[in-house]
Amino acid sequence: MEKIVIQQGIVLSESEKKEIRQNRIYKILPVVSIILLSALWLFASKEVLGFPSPAETWERFTQLLEKPIKALSLWGHIFVSLQRVFLALVLSWIIGISFGILLGWSEKCNALFGPVFTAFRAVPPLALIPLITIWFGTGEGPKVLLVFIGALMPVVVNTQAGMRNVNKLYLDVGTIFNATDRQKLFQIAIPSALDAIFAGVRTSASAAWMVVLAAEMLGAKAGVGFLIIRGMDSGDEALVLLSMICIGIVGAMLAVATQIAEGVLCPWTRKGSN
Amino acid sequence: MPVDEKRVKLRLENISQSYVVNNKVFDAVSNISLDVYDNEFLVILGPGHCGKSVLLNIIGGLEKPVEGSKYLDGEKLTGSDKRIGMVFQKLALMPWKTVMSNVEFGLQMASVEKTKRREIAQQYIDLVGLKGFEKSYPSQLSGGMKQRVGIARAYTNNPEILLMDEPFGQLDAQTRYAMQEEIQRVWYQQKRTIIFVTNNIEEAVYLGDRIVLLSKCPASVKQIYNIDLPRPRDTIEPKFLAIRKEISDNTDLAL
Amino acid sequence: MSDGKELKEDYKVEVRNLTKYFGGLHVLNDISFNIKKGEFVCVVGPTGCGKTTFLNLLSRIYMPSKGDLFIDGASADPRKHNLAFVFQEPSSIPWLTVEKNLRFGLELKNLDKKIIDERVEKIITLLGLQQFRNSYPHQLSVSSEQRIIIGRAFAMNPDLLLMDEPYGQMDVKLRFYLEDEVIRLWKEWGSTVLFITHNIEEAVYLAERILIMSNKPTTIKEEVVVDLPRPRDVADPEFIKIRKYVTEQIKWW
């Protein structure tokens, strides 16, 4: 017969206990992989020439806190990179969403601008770096411009898709209630497309982060990308590795932040269905 | 109701509809003429999926027929009209709006001022028995509740004719029975002309004053039945079952 | 119901004290019933009566908190036993033709080609699908698709065939036709069928026995034997009596 365990008033059978054990394992596995990764790191640092160990990296981190590079602490550099990103992002959202709505809603605009935009979209922003550097130099402006271009694409594409995929049924409801075209656009189409627009926003955030690093690596006096170059130039692998870890963490935090924002602004996507 | 007291609210004359699908012409509706009387509960019944929904879309102004015309109170209609409201089968509640916001929608489109909007919408939310759910989102409601929101929304613009396109089609049998009683109650309290489309014969006999039976595609009027049973009707009572059998025998099978 | 004189081997399917908790939520409570080989049993219940959970337990998506489901005396195991399902939405495979869809389940069980051919032919004839052999599911109507799924399920000669409101969304006229068809298939193949529905008329039309579920925590409220000759007549006073009775037991609205 089955053994029945009573846990805080809840009755579990053998088979259910097995299920719970399995679920616990799923929670542990990520931790296991992090431990494995760290072990790999240690191994690499011992075997590969010049690869900094976790201890050395940590030491470099504490050093950096005391002795700034180019008059900026680690946080200072991160802040500089983020600043560029935010400026470019906000611009790309304002312009990108408007343009995307236009392309998605108006057949004429889509026919007029669509093909050109698709062609332009195919060029990765990184490929524009040489051109922009030649035309605009290596100041703040061109960097922000580059990030702006990189972030713009996903926003427009996703917004446009969201607008084109508005459920015809909702527009029919508008027709039945005699809504004007303008009302249909603002009351039905745009709210309906919000989740797609947000997908674009999320993608643009990670795209922006990647582009800013590339832009910095090719000529900057501050920023996390700059730190990497600095580290490479002076053979300071610990600095390079440290910077990469920071980049990863900040990138992840950006992703989480946008997801939380979506949950707040679009509550209907989070509510559970019956 | 004696014949001379019945007033024609909506008249359809020679309505036909066809579509071009993959370079082939597909006839959905073929030459339908129909009179709908004021404040009657008219049921349109038909097999399969073409015909009745298309007819309803045409009445509601969502589609233009290739032939034929429609008259409301004697006046010719083109396209949609404020006086005709609709409850959709596929719910069509906007998921990003709360219940109150959804119900208010029609009033919002008509630019009715906010407090007045709230007041009217609340009235109908109460009427369909959803008081207390004003701030909920559609995803939090059951199927029956969502349909009630759709009904409340259609009523707010005070339509003279209410179109209902298989509104209970997605519900399970028992919720459906409950909703049938519900729509009957609502109709008693706020009498309108209702044109109700269904593919369920039992539902048709339960609800309708008259039943228009359509043939299978291309749809034409096969027969019109007058249902003289007193309300509320009993679905297992012999006369009810007899009428049901008569209509069922006459219905085309659409496999 | 079982009495001591009947041997355990008579029962194809046994459900003993089936209970399910989700955390503190008591969904199913001590459900026990038996199904004889080749019997057609309907399960009806009020809306929200935990029927989905019940199904998920029978199909082994979840495991029960207490009690279990036994097939031929052993705990039901999808690997060992032959369980077939038909759901509310047609679950045909879109990239296979009608004929290939019908063969699908049988091929998965690695049966002999001759047997597969024979069974598939039988189904095609019984359902009248000869002209649709090489069509794809999306070219057919929803009801035809569903008929194929049902045919496929019967062709598997399952130990237990579970059907969850397969005709839920269909025309009433079509429904009667399909119900007659499933009875035809059942008589032909002698499968053991558990048919879940909300439609009481359908249950009385199809079942040899009806199990009536209660509200949550769900248990079997009552078993009703339907001993009417086939084909059944919905207007027959006996039929109406049984239908009225079952409705009274369930009525929640």
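One table, with the values for the structure above:
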read-out	value
Inter-chain shielding of B:85-96 (mean C-beta neighbours from other protein chains, 10 Å cut-off)	5
Order by protection proxy (mean Cβ within 10 Å, highest first), peptides A:141-150, C:17-26	A:141-150, C:17-26
Highest-MSF residue in chain B out of B:Thr98, B:Thr198, B:Thr235 [GNM, Cα springs under 10 Å]	B:Thr235
For chain A, built as a Gaussian network whose Cα springs stay under 10 Å, the top-fluctuating residue of A:Val156, A:Val85, A:Val32	A:Val32
Most mobile of B:Ser18, B:Ser220, B:Ser30 in a GNM of chain B (Cα contacts under 10 Å)	B:Ser18
Karplus-derived HN-Hα couplings along segment A:106-122 (A = 6.51, B = -1.76, C = 1.60, θ = phi - 60°), whole Hz, x at Gly and Pro	9, 4, 4, 4, 4, 5, 6, 9, x, x, 4, 5, 4, 5, 5, 4, 5
Gyration tensor (alpha-carbon) shape descriptor, segment C:100-185, a/c threshold 1.5	prolate
Cut-off under 5 Å, modelled amide H: who pairs with B:Ile227 long-range	B:Arg210, B:Ile211
Beta bridges by DSSP in the protein assembly as shown, antiparallel share as percent, to the nearest 5	55
Shape call, the protein assembly as shown: gyration tensor on alpha carbons, a/c limit 1.5	oblate
For C:Val27, A:Val201, order by how many other beta-carbon atoms lie within 10 Å, fewest first	C:Val27, A:Val201
Surrounding net charge for B:Ser248, when Lys and Arg each add one and Asp and Glu each subtract one, Cβ distance under 12 Å	-1
DSSP-assigned coil residues among chymotrypsin sites (Phe, Trp or Tyr not before Pro) in segment C:55-96, each with at most 14 further Cβ atoms within 10 Å	C:Trp95
For segment B:128-177: rounded, prolate or oblate by the Cα gyration tensor [a/c cutoff 1.5]	oblate
Cα-based Lys pair tally, segment A:42-187, threshold under 23 Å, eight or more apart or on separate chains	4
Loop sites in segment B:159-255: trypsin sites (Lys or Arg not before Pro), DSSP, at most 12 other Cβ within 10 Å	B:Lys191
Positive dipole terminus of the protein assembly as shown, leading residue within A:Phe120, A:Phe198, B:Ile32 (C-beta point charges)	A:Phe120
Residue mean of other protein chain beta carbons inside 10 Å, A:173-185	6
Phi-based couplings in Hz for segment A:154-166 (Karplus 6.51, -1.76, 1.60; Gly and Pro marked x)	x, 5, 5, 4, 5, 4, 4, 4, x, 5, 5, 9, 4
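Each reported figure results from applying straightforward, stated rules to the coordinates on display, with no laboratory input. Because the structure is predicted, anything quoted here is derived from the model rather than measured. Every residue, glycine as well, gets a Cβ built from its backbone with ideal geometry; the counts of neighbours run over all protein chains shown.
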